[in-house]
Amino acid sequence: MATLYSTTCRSISYSLTPSSSSSSSSSSSSSLSINGQNHHQRLNFSSCIAKRVLPVKVSFHSRRNFHLNVVLMQDGAVATPVTPVENETPFKKLKDEFLSSVPSTEEIKEAASFDVNKDESTVSITVVGASGDLAKKKIFPALFALYYEGCLPEHFTIFGYARSKMTDAELRNMVSKTLTCRIDKRENCDEKMDQFLKRCFYHSGQYGSQENFAELDKKLKEHEGARVSNRLFYLSIPPNIFIEAVKCASSSASSGIGWTRVIVEKPFGRDSDSSAALTKALKQYLDEDQIFRIDHYLGKELVENLSVLRFSNLIFEPLWSRQYIRNVQLIFSEDFGTEGRGGYFDNYGIIRDIMQNHLLQILALFAMETPVSLDAEDIRNEKVKVLRSMRPLQLEDVVVGQYKNHTKGGVTYPAYTDDNTVPKGSLTPTFAAAALFIDNARWDGVPFLMKAGKALHNKSAEIRVQFRHVPGNLYNRNFGTDLDRATNELVIRVQPDEAIYLKINNKVPGLGMRLDRSNLHLHYAARYSKEIPDAYERLLLDAIEGERRLFIRSDELDAAWALFTPVLKELEEKKIIPEYYPYGSRGPVGAHYLAARYKVRWGDLGIEQ
C-alpha cells in the first residue's frame, strides 16, 4: 500500500459510520464485508497524509457535518449505500441530487487505499540562519529524526541560508556533527544519515537581499523540477531582521503553485506595541495562516498530554475547577546562568523569555474550557478566552530576582553581571515569581503561581495542582497542622525524566493507625520503551502538515502581551531593584512570601517532591 509518509509518524482513526446529526428516519448503517462476515469498521489513516490524500469532497469526523459511508465488497469493489428517501421524488431529480453530493467511486477508492500520485509534489525546507546554534543543535537534528522515522515526504529538499560563506559539503559536515542515531539505536542509522545529508544544500546570502533570495529560488526550482512545490521557511534569526527576510522570501522565493509557510521563533516583540507592529509588518507579506509562531514548549510530550489527561479521564475533569483545586503552580528552573548569552538575555529578561510565552501558554491549555473539537481553531479559541479572562498582573503580585556569585565546594560561580556581555549594574531579572488569577466561573479565586529562574538548585519544568483539603477529615489528628500533607497533589513533570504522579494518603501497614503519603506514579521511561520525540520534531512535522494547533495565533499573542506589558513597563520605569540570590540556591526569599500571602507553599521545596 503506497503511502506518502510512514504510518509510524501518527495514526488517527476516522469513523466510517453514519453521522449522528442525521435524522433517525434516514439513518443507515455501513459495514465492511470480509469473508462473508459483516463488521462495523474504522479505517486508520496516517495523519501525515490524510489531509493531502483525500479528495476535497470527502470530509472526516472533525468536520462533523458529513460522514462517508463506504462498503468494501468481497471482490474489492467499492460501493456507496443509498439512504432510503421517504417521499417520492422524480427519478431524474433524485439522480442529479445524489450524484452531485456523493463522491465518485474513484475518489472513494483513493480515500480507502491511499492511491495518490505522490510524485506530483515536493517540500522544500529552508533554514534561514543555518549557521546559528539553534539550527545546528535543534532544527537539523529534528529534521533528520523525522526523515529517519519516515515522516517526511518522499520528495523533499533542505536548504541552509545564512550570511556565512559555506559550500554544500561544509554545511553537511557541520550538520553531521550534531546528528545522532538515538532513535531506537537501529542498525541502518548511518546509512540513513548519509541519505539525509545528500538532501541538504547551502546558499549564502544577505537576509535583506531580494537578489540573493531570487538566486535561492532558482536553486530550489532545480531540485523541485516539474512537481508542485511547497515551501517552508524557518526563521532562525534575530527578531530585528525578521521582516527583511520575510519580505524577500515572500517576493522572491515563495511557491508559485503550492503553499508557502514561515516559522517564526520567539521573541515576538518586547511588549504589546512592538508585538503588534511585528504582526502588522508580517501580514504585509503573509496571511495569518502562513505564519507559524513557534513556542517549543507546546511541543513537549507532557504539555501535549495535558488535554488528554483532562478530557479523556473521568476522574480528573469533574475536579478541574475552583471547587476542588486550591492552587496551580507552573515552575521552570535552570541550574545554569546566561553563560555568554547575557547580551541577548539582558534585552528581554526572564519574564519575557519564559513566563510571557512558555508558562502562560501552558496555563492557557491547562485552564481552558472543553473545545468544540480538536481542530486547531477550536482549541486556540478556548485559549484566547482564558487569556482574556485573566486579571491584569499587578506589581505587588510579582517578585523579581537576580543571581549573584556564590562559592560552593571550592568552586566559585559567577554573578549575572560578571558576564562580559551584560552591562554593569544591569537590573534585568533572572528570576521572577507571579500570582495570576482567572476571573471566570471555573477558576474564580484560584491562584495560578508562576516561578521561573536561572542559576537555581536544579533543572526542571513542572505543573503542580494542589487540591483542597478534605472537609471534616476524620484523620486530621494524624496530620496535625500540616495541611499540605493532608491534601492531594497532581504533579506533571514536563522535563527532565517525564512523569505524572498523584500524591495520596494511605495507611502504613501495621497494627497502629499511621498514615503515610505515597505516589501513584507514571514514569514515562519505565512505562514506554520508545524514546520521547524532541519538541522541535513534533512542531516541524505540524508545520509541514499545516497543523496549527500547537502554534500561536496573533490574537493569542495580543492577549498574552496585554497581561504582562503594564507590569513590565512599571518594573523598568521605577527601576525596581531585583532581590539577589546565590547561584545554585532556591531563589529569592520574596517568592516564598508571595506564595504565603495566598496561603500556598511552593510544591518543589518539600523534602518529598
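The values are calculated or read from the model by the stated rules, or taken from the named source; none is laboratory data. On a predicted model such as this, the values are computed, not experimentally measured, just so you know. A quick note on method: Cβ atoms are made from the backbone with ideal geometry, for glycine too, and the neighbour counts reach across all protein chains shown. We work out accessible area using only protein heavy atoms, side chains counted, and drop any ligands, DNA or RNA first. Shrake-Rupley method; radii C 1.70, N 1.55, O 1.52, S 1.80 Å.
Just a few scattered comments:
- Candidates LEU539, LEU563 - the one that is under 28 Å from SER274 (Cα atoms), touching a His at 6+ places or on another chain (Cβ under 7 Å), part of a helix (DSSP H, G or I) and open to solvent by less than 40 Å² (accessible area, probe 1.4 Å): LEU539
- Output for region 147-158, where each listed residue is open to solvent by 10 Å² or more (accessible area, probe 1.4 Å) and more than 21 Å from LEU216 (Cβ to Cβ): TYR147, TYR148, GLU149, GLY150, GLU154
- Residues that are under 28 Å from LEU436 (Cβ atoms) and at pLDDT below 85, drawn from region 519-561: ASN519
- Where strands (runs of 3 or more DSSP E) fall entirely within region 346-440, those with at least 1 residues that are touching a residue at least 12 places away in the same chain (Cβ under 8 Å) and polar (S, T, N, Q) are at 398-404.
- Lone qualifier among CYS189, CYS181, CYS248 - being of a type outside the set (S, T, N, Q) and closer than 17 Å to SER124 by Cβ: CYS248
- Meets criteria (modelled with pLDDT of 90 or more, polar (S, T, N, Q) and over 16 Å from the mean Cα position of the chain (by Cα)) for SER275: yes
- Taking the criterion of being farther than 21 Å from SER121 by Cα and hydrophobic (A, V, I, L, M, F, W, C), the residues of region 254-290 that qualify are VAL264, PHE268, ALA276, ALA277, LEU278, ALA281, LEU282, LEU286.
- Test for GLU301: is it within 26 Å of PHE366 (Cα to Cα), surrounded by fewer than 17 Cβ atoms within 10 Å (Cβ to Cβ) and touching a residue at least 24 places away in the same chain (Cβ under 8 Å): yes
- Residues located in region 497-514, provided they are modelled with pLDDT under 80, among the hydrophobic types (A, V, I, L, M, F, W, C) and either loosely packed, with under 10 Cβ neighbours inside 10 Å or closer than 20 Å to LEU302 by Cβ (or both): LEU511
- Test: residue in region 134-142 that is at pLDDT below 85, in a helix (DSSP H, G or I) and touching a Lys or Arg at 6+ places or on another chain (Cβ under 9 Å): no
- Subset of region 504-519 (residues that are free of Cβ contacts under 8 Å to residues at least 40 places away in the same chain and in a strand (DSSP E or B)): ILE504, ASN505, ASN506, LYS507, ASP516, SER518, ASN519
- Selection from region 551-560 of residues that are open to solvent by 10 Å² or more (accessible area, probe 1.4 Å) and within 13 Å of the chain's Cα centre (by Cα): ARG553
- Candidate set from region 210-234 (those that are under 17 Å from GLY546 (Cα atoms) and not polar (S, T, N, Q)); member that is surrounded by the fewest Cβ atoms within 10 Å (Cβ to Cβ): VAL228
- Filtered by the rule that a residue be open to solvent by 10 Å² or more (accessible area, probe 1.4 Å), of a type in the set (Ser, Thr, Tyr) and either in contact (Cβ under 8 Å) with a residue 12 or more places away in the chain or not in a helix (DSSP H, G or I) (or both), region 247-296 gives SER250, SER251, SER252, SER254, SER255, THR260, SER272, THR279, TYR285.
- Condition broken by LEU490, with the remaining ones in (1) within 30 Å of ILE291 (Cβ to Cβ); (2) touching a strand residue (DSSP E or B) at 6+ places or on another chain (Cβ under 7 Å) satisfied: (1)
- For the criterion of being out of contact with any strand residue (DSSP E or B) (no Cβ under 6 Å at 6 or more places or on another chain), farther than 24 Å from HIS296 by Cα and open to solvent by less than 70 Å² (accessible area, probe 1.4 Å), CYS181 fails.
- Selection of region 356-375 for residues being surrounded by 14 or more Cβ atoms within 10 Å (Cβ to Cβ), touching a Phe, Trp or Tyr at 6+ places or on another chain (Cβ under 8 Å) and over 18 Å from PHE431 (Cβ atoms) yields GLN361, ILE362, LEU363, ALA367.
- Test: residue in region 386-401 that is modelled with pLDDT under 90, among the hydrophobic types (A, V, I, L, M, F, W, C) and open to solvent by 10 Å² or more (accessible area, probe 1.4 Å): no
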